[in-house]
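A quick write-up on the structure given underneath.
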Amino acid sequence: MQAFEQTVAHLEEPMNHAHTVPLLELSKFAKQYVTVVLTGEGSDELFGGYPRFHIPLLTESLSALPGPVRRRGLAMARSMRSRKITKLLENAEDTVQSVIENSRHTPREDFDLLCPGPHAFTERFEVYDAAVRRTPTTLERMLYFDQRTYLPALLKRLDKASMAAAIECRVPYLDYRIVEWSMLLPPSLKVLICRDNKLIVKKVASRWIPHEIISRKKVGFGVPISRWLRNPRGLGRYLELLLDSTFRNRGYCDPKIVETFIRQHSQGLTDHSEILWGLINLELWWRLFVDSNAWQQKMYAPEMATVCPTA
């Protein structure tokens, strides 16, 4: 589990994307052979590569459905734990809110249980307002929004994880000329609703890459967090951080709800991996950087002491 704690230490902040840990390990492996690598960061945010982009586009159509139909569909989607359909129906009346929450992974009902009360996303709405002033289409507003919210976080973690292994990651898609050119392209060359994403990139790639590779389903750098959290000798050890008095006394969420989430997830009753992963990272960061002065001593050394309870 040392790699997990070292990754949080190198990032100097709670980790959002679980695949940042293998990204650091991959960087260490690549360093054995090269000192510079090329990455694809930015292509999805420029050319509409995320399947989740279809959700706000569909929201515009679903707003015409009667309220009882939407509410019934939302209840069914939540019972089936269908994240994408739930996100679609939660904001079926509000395209703006759908864009603001487009990259949210944690179910809204879980978040509301954990931290009751209204939640303002003032800075995100300001970014979206800027997007509205720049472009008339929902897709282009989404791309602008992600370029200024989601993408910076990806670039920051890429830079820190790679530089921790003394390797340089370059981002050719973010050359300013490509960025400017992408903004001149019509939405129809980027996304066809409910059909395909990243159209112009795939068209160019088809000159050299086989069709079966280009047309296959998009697959991210997946990490089986849900299963790993159910292993008490593996990542599940870190759930103990959320059950002790130190965490309970923080006061930023309801510890009884956290205990319920842990029990339900551990028993396989439902999947709370996203919210448990976020809480573990927040608590681990707090102990490494706020409660302890270890980061001032040998935080980055391989022999650093673990803050995780012994299994």
> Just SER273, SER27, SER206 to compare: in a GNM of the chain, with alpha carbon springs under 10 Å, which one fluctuates most?
Replying inline: SER206
> Can you put HIS19, HIS119 in order, fewest other beta carbons within 10 Å first?
Replying inline: HIS119, HIS19
> Which value, in nm² and rounded to one decimal, describes the direction-averaged projected area of the C-alpha convex hull of region 166-218?
Replying inline: 5.4 nm²
> Between ALA153 and SER266, what length comes free when the chain is fully extended (0.36 nm per residue of separation minus the Cα-Cα distance, one decimal in nm)?
Replying inline: 37.7 nm
> Tell me, in nm to one decimal, what length is gained between ASP291 and THR106 on full extension, where the rule is 0.36 nm per residue of separation less the Cα-Cα distance?
Replying inline: 63.9 nm
> Just how far, in whole angstrom, is region 111-148 from region 4-57 if you go by their alpha carbon centroids?
Replying inline: 22 Å
> How do VAL223, VAL99 rank when sorted from fewest to most other Cβ atoms within 10 Å of their own Cβ?
Replying inline: VAL223, VAL99
>> Just to verify a number: FRET efficiency for VAL179 and ILE213, C-beta to C-beta distance, R0 = 30 Å, to 0.05?
In response: 0.75
> Lys/Arg Cβ at +1, Asp/Glu Cβ at -1, dipole of the chain taken about the Cα centre: which of ALA75, TRP208, SER292 is farthest positive-ward?
Replying inline: TRP208
>> On the principal axes of its Cα set, how long, how wide and how thick is region 1-127? Give whole Å, largest value first.
In response: 59, 34, 32
> Per residue Cα convex hull volume for region 225-296, in cubic angstrom?
Replying inline: 86 Å³
>> Considering only C-alpha atoms, what is the centroid distance from region 234-260 to region 192-217, in Å?
In response: 44 Å
>> Give me the Å³ per residue figure for the convex hull around the C-alpha atoms of the chain.
In response: 166 Å³
> For PHE125 and VAL34 in one chain, what is 0.36 nm times their gap in residues minus the Cα-Cα distance, to one decimal in nm?
Replying inline: 28.6 nm
>> Under 20 Å from a point placed 7 Å out from the Cα of ALA3 along the Cα-to-Cβ direction: which residues of region 220-252 have their backbone N that close?
In response: 220-239
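None of the figures in this text is laboratory data; all of them are computed from the coordinates on show. Predicted, not measured: the structure shown is a model, and the values here were computed from it. Note that we place each Cβ from the backbone using ideal geometry, even for glycine, and neighbour counts take in every protein chain shown.
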